[in-house]
Amino acid sequence: MQRFIAPAVLAVAVVLGGCQASMPATPTPVHGFVTDMKAFDAFIATHPTPEQFRTAYPDVLLVMPGTVATMEYRSNNSRYFAELDKDGRITGGHFS
């Protein structure tokens, strides 16, 4: 009987650990313009949806492909031109 306890406890730990890992973490909103490029690049590497981007960076203007934008140049990382994959997730882009 006791030899079944350890595998059972291990199985429960694996299942609960799997549930924990599958729950998406809600990013803390970064207010203002993008200054931490390393954190921003790591966020983009997760291929967020436009809504996730707007939640994480509410003060950065997200310009989607096909959207009309002015030709002004911004040097403060306040406007991000996104590149999307076929599912509509952001895969990259550039500031302008």
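The values are calculated or read from the model by the stated rules, or taken from the named source; none is laboratory data. All figures in this text were calculated on a predicted structure; none of them were measured in a lab. Backbone-built Cβ (ideal geometry, glycine too); neighbour counts: all protein chains shown.
Any chance you could count how many residues in region 61-76 are surrounded by 12 or more Cβ atoms within 10 Å (Cβ to Cβ) and out of contact with any helix residue (DSSP H, G or I) (no Cβ under 8 Å at 6 or more places or on another chain)? Lay out the reasoning, then the answer.
Step one: filter region 61-76 for residues surrounded by 12 or more Cβ atoms within 10 Å (Cβ to Cβ), giving 61-64, 74.
Restricting the remaining residues to those that are out of contact with any helix residue (DSSP H, G or I) (no Cβ under 8 Å at 6 or more places or on another chain) gives 61, 63, 74.
So the count comes out to 3.
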Give region 52-81 a look and list any residue that's within 15 Å of F95 (Cβ to Cβ) and of a type in the set (D, E, K, R), or say none.
D59, E72, R74, R79
Can you say whether A21 is at pLDDT 65 or above and of a type in the set (A, V, I, L, M), as far as the supplied structure shows?
no
